[in-house]
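Following: one structure in structure tokens, then a few remarks.
The values are calculated or read from the model by the stated rules, or taken from the named source; none is laboratory data. Quick caveat: nothing in here was measured; it's all calculated off a predicted structure. Virtual Cβ from ideal backbone geometry, glycine too; neighbours counted across all protein chains shown.
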């Protein structure tokens, strides 16, 4: 049985960033990353739209706000050092009518408090930045950028292994046993012994935590985000990133337009309950996952509270014309024939038993385990900073 100082469960960008940070700070410690797929970054990281978020949306003082600001700088520096392409393209958040101005002002105030470089702009300046957008006012955030997070994750995995550490793929964790001074991790192929375990299981983080003996007061419910991309003849309609004013009570940013680092423009997402934790289409059903969500009091309470929003999101999932109509609020010239279907993503959203959506990063500790239980957007932007934060917690046990 292989023995290591630290085992990390999950080969997404959070797990890999954490492994790299530990290897930097404690080069004498042995590290093992366990990933159930054949390659790293196959789920949330690999389906990420690639935005380097500025931190403008998040409640001042929250982990999302502080880690996003620092994490963005660290991510840009990492990409520069590793010669990974990224671009500071900027973005606009657009109010299409007066009913959205109050929420727009709230976002602008948060940006100011969070130290984000941003400017409130009128319709004329909005048209200079995005000539085809419809809006009466907006916020310009010039420091927002784009990158390929899957490429970042692959590079992190390479850097971890340079220090004689290991990233094991096809290694799904099936059990965790506690001993006096170490833990045994069971996978389908082998067993490993680790003095400390870090759970970065993403869509399965709550199950891994319970497998390790923790009792988190939340549960992961998967939400699928469906996308289209603009065909080449329509890509001129969007120069950079165009976002609507989000619903302040709902933690999803609404259907938006995203310029991608390798070319093209992505449109979306909506947010619908996925019938499987890895349910990338409405035909993908896992009865265990579906039953677990459908019987969870927190999900039922949230669904009751937001049922109108949920119906609207599901209708957009079923009707391309409804999706197009939503896009036309921002870019009226968009037509159905300008769009082609793109791969969907699934967001691991932690819900409390009271139905409240946990909208901040959530990290918990139990016996010899650190569990990253909730890492919503901007987790990819913040990943290197989250890795440092987890390393700080781990350091207290070395």
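Taking region 80-188 and the strands (runs of 3 or more DSSP E) fully enclosed by it, the elements with 3 or more residues that are farther than 27 Å from residue 259 by Cα are at 166-168, 173-178, 183-187. Considering every residue within region 374-390, establish whether at least one is in a strand (DSSP E or B), touching a residue at least 24 places away in the same chain (Cβ under 8 Å) and at negative phi. Looking for residues that are in a strand (DSSP E or B), touching a residue at least 24 places away in the same chain (Cβ under 8 Å) and at negative phi, one finds at least one in region 374-390, hence yes. Within region 158-171, residues that are free of Cβ contacts under 8 Å to residues at least 12 places away in the same chain sit with their Cβ atoms under 6 Å from residues that are surrounded by 15 or more Cβ atoms within 10 Å (Cβ to Cβ), at 6+ positions apart or across chains, in these pairs: 161/167.
Is it the case, given these coordinates, that residue 122 is crowded, with 20+ Cβ neighbours inside 10 Å and either assigned by TED's automatic domain parsing to the domain that holds residue 386 or over 27 Å from residue 375 (Cβ atoms) (or both)?
no
Just a yes or no: is a residue in region 226-245 surrounded by fewer than 20 Cβ atoms within 10 Å (Cβ to Cβ), touching a residue at least 40 places away in the same chain (Cβ under 8 Å), touching a helix residue (DSSP H, G or I) at 6+ places or on another chain (Cβ under 8 Å) and assigned to a loop (DSSP other than H, G, I, E, B)? Yes: one or more hits.
The condition (being closer than 20 Å to residue 349 by Cβ, touching a helix residue (DSSP H, G or I) at 6+ places or on another chain (Cβ under 8 Å) and touching a residue at least 40 places away in the same chain (Cβ under 8 Å)) is satisfied by just one residue among 94, 6, 51: 51. For region 276-298, filtering for residues that are assigned to a helix (DSSP H, G or I), over 20 Å from residue 218 (Cβ atoms) and in contact (Cβ under 8 Å) with a residue 24 or more places away in the chain leaves 0. Among the conditions (1) assigned to a loop (DSSP other than H, G, I, E, B); (2) in contact (Cβ under 8 Å) with a residue 60 or more places away in the chain; (3) under 17 Å from the mean Cα position of the chain (by Cα), residue 270 misses just one, which is (2).
Inspect region 289-308 for any residue being modelled with pLDDT under 95 and within 20 Å of the chain's Cα centre (by Cα) and give the result as yes or no. No, every residue in region 289-308 fails to be modelled with pLDDT under 95 and within 20 Å of the chain's Cα centre (by Cα). Looking only at residues that are touching a helix residue (DSSP H, G or I) at 6+ places or on another chain (Cβ under 8 Å) and assigned to a strand (DSSP E or B) in region 197-223, which one is nearest to residue 331 (Cα to Cα)? Once the filter is applied, the top-ranked residue is 222.
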